[in-house]
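Here the structure is laid out as structure tokens; the discussion comes afterwards.
The values are calculated or read from the model by the stated rules, or taken from the named source; none is laboratory data. No experiment lies behind these values; they were computed from the predicted model shown. Here Cβ is always computed from backbone atoms with ideal geometry, including for glycine, and neighbour counts include all displayed protein chains.
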Amino acid sequence: MDRTTHTPTTDQSRPLPHVVVVGGGIAGLAAAARLRGVVGGGARARVTVLEASPRFGGKLMSGEVGGVGVDLGAESVLARRPEAITLAQAVGLADALQPPTTAKASIWTRGALRPMPTGHLMGVPGDLDALAASGVVSPEGLARAAEDATLPRTEVGADVAVGEYVAARLGREIVDRLVEPLLGGVYAGHADAISLAAAVPQLLAIAQRERSVIEGVHAALATAAQNPNPAPVFTGIDGGIGRLPGAVADACRAAGAELRTDTPVASLRRTAESWTVTTEGGEELAADAVVLAVPATVAARLLAELAPGAAAELGGIEYAGMALVTLAYHRAELGPLPGSGFLAPPVDGRAIKASTFSSNKWGWLDKAAPESFVLRTSLGRQAEEAVLDLDDAELVARSRADLREAAGITATPYATAVTRWHAGLPQYPVGHPERVARVESALAALPGLALCGAAYHGVGIPACIADGWRAATAVTAGEVSPDLVSGTK
């Protein structure tokens, strides 16, 4: 039985097609919002969203720790891409958008919290004086990085591992103490495996064009600084980024979409002109098109018979797991904490990979809970997911031990929470763009089907939203206006 809501069109002779969106993370919700005209103009389809879990939002999730509302997943969006801002404004959150405070981050390395050096691109320095002043790398590491000025240009083809390229130009210490923790904060992966083309395309362009990578980064940053009205690099939402999926879901419902949770999909079947989506409960939904906004592993299962080649490629996409430990303290029991938090390079062997001093970073949180201080740590990355099997008490204990050593925090938190994100972040190894291109080429033979999500064209929230909009466009053969999709990866 098809339980979708029929929304009449202004042209009754041409009813809107029915699109089933499988997956209610931010990419799937963005696709639904585009299809129902929440963003980008009028409705172009009837929409049913099927989410397997009890809630919408995927890796965007809010919760309470010690009576304080916090993000338990992603906490900010890249504001220099327009998609997340556009979507938030469209669903009534324009006034809630807030950039972080001016508090600066540090790197916990070589036995101390050291200021994040200015003038870098994903850890690749454009200013050796600023790098020297930070103390992040040793004098030997600085000397090795300075050799970049005399080295011949490194020949780089279509792709190379980020760590491999940077180590060849600037030395291993730049990779270990700067690139690795910054890149790991985005992908929870390893710099020696992550694709330069997929993860840092700006750096690939510099590598292919410039002899000196440091001079190239410096020039790129100088050009960006000439913008007379630079937007904040990142922004958050008053009350947490976890508010965004709920607001999008509400807007989609108000626009006539049907959204269901606790509805996993068992199979897809293609007929001559349409699709049948079968839920694990045995319900069959007829659809003119399908958007798969699910992890690559789930897409591989659903496409195993329809497109075995694409399914094999999708099944090869690996994911990394991580745990977030949120700690709430009585502010009076803490001394002043510097900045917005710190990164911990894996080379130093610490348990945690990063800590965010959330009450310093987000003005809305400081205002909402002035007597409390909330911070969080992250543990685990690709091939190191065994940490997720530790019980909550052990993860809290390991976090507190590192916080004591790094920042002198000896107080006892009055509340804690552990959030585990199993298979949380897809990995982008060398060759990832080519893999995605092969998948999309193979699926071109299945009209009315599109994929979207973090596994393909970017793991950030704006990239996932843009991918949802692209999928909506693909299955309805419409056009996305230029102000909706920047085209930036």
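Observations
- The set of residues in region 183-229 being over 16 Å from Val156 (Cβ atoms) and touching a Phe, Trp or Tyr at 6+ places or on another chain (Cβ under 8 Å) consists of Tyr187, Gly189.
- Just one of the listed residues (Ala84, Ala103) is part of a helix (DSSP H, G or I) and either more than 22 Å from the chain's Cα centre (by Cα) or among the small types (Gly, Ala, Ser) (or both), namely Ala84.
- Test: residue in region 377-390 that is more than 26 Å from Arg270 (Cα to Cα), surrounded by fewer than 21 Cβ atoms within 10 Å (Cβ to Cβ) and among the hydroxyl-bearing types (Ser, Thr, Tyr): no
- For the criterion of being surrounded by 15 or more Cβ atoms within 10 Å (Cβ to Cβ) and in the same structural domain as Gly23 (by TED's automatic domain parsing), Glu273 fails.
- Matching residues in region 138-190 - criterion: being surrounded by fewer than 19 Cβ atoms within 10 Å (Cβ to Cβ), modelled with pLDDT of 95 or more and of a type in the set (Ser, Thr, Tyr): Ser138, Thr150
- A count restricted to region 144-166 and to residues that are under 16 Å from Glu215 (Cα atoms) and either out of contact with any Lys or Arg (no Cβ under 9 Å at 6 or more places or on another chain) or in a helix (DSSP H, G or I) (or both) stands at 9.
- Matching entry among Thr416, Thr410, Thr473 (being at pLDDT 95 or above, polar (S, T, N, Q) and part of a strand (DSSP E or B)): Thr416
- Within region 158-181, one or more residues are of a type outside the set (Phe, Trp, Tyr) and within 16 Å of the chain's Cα centre (by Cα).
- Candidate set: region 212-227, residues that are loosely packed, with under 14 Cβ neighbours inside 10 Å and not in a helix (DSSP H, G or I); chosen: the one modelled with the lowest pLDDT: Asn227
- Condition check for Arg331: of a type in the set (D, E, K, R) and buried (at least 18 other Cβ atoms within 10 Å of the Cβ): no
Per-residue answers, yes or no, for (1) polar (S, T, N, Q); (2) under 19 Å from the mean Cα position of the chain (by Cα); (3) on the phi < 0 side of the Ramachandran plot:
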site: Asp288; (1), (2), (3): no, no, yes
site: Ala296; (1), (2), (3): no, yes, yes
site: Ala300; (1), (2), (3): no, no, yes
site: Leu327; (1), (2), (3): no, no, yes
site: Pro338; (1), (2), (3): no, no, yes
site: Ser359; (1), (2), (3): yes, no, yes
site: Val374; (1), (2), (3): no, no, yes
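- Annotation: of all residues in region 98-112 being surrounded by fewer than 18 Cβ atoms within 10 Å (Cβ to Cβ) and of a type outside the set (Gly, Ala, Ser), the one that is farthest from Asp366 (Cα to Cα) is Arg110.
- In region 232-241, the residues that are surrounded by 14 or more Cβ atoms within 10 Å (Cβ to Cβ) and either assigned to a loop (DSSP other than H, G, I, E, B) or more than 19 Å from the chain's Cα centre (by Cα) (or both): Pro232, Asp238, Gly239, Gly240, Ile241
- Of the criteria (1) farther than 19 Å from Ala254 by Cα; (2) at pLDDT below 95, which one Arg44 fails: (1)
- Candidate set: region 376-402, residues that are among the aliphatic types (A, V, I, L, M) and either assigned to a strand (DSSP E or B) or over 20 Å from Gly73 (Cα atoms) (or both); chosen: the one nearest to the chain's Cα centre (by Cα): Leu379
- Figure legend. Inter-residue proximity from region 155-171: first residues in contact (Cβ under 8 Å) with a residue 12 or more places away in the chain and farther than 13 Å from Ala205 by Cβ, second residues of a type in the set (Lys, Arg) and buried (at least 18 other Cβ atoms within 10 Å of the Cβ), beta-carbon distance below 8 Å, spacing 6+ or different chains. Indicated pairs: Leu170/Arg144; Gly171/Arg144.
- Number of positions in region 355-391 that are touching a Gly at 6+ places or on another chain (Cβ under 6 Å) and of a type in the set (Gly, Ala, Ser): 2
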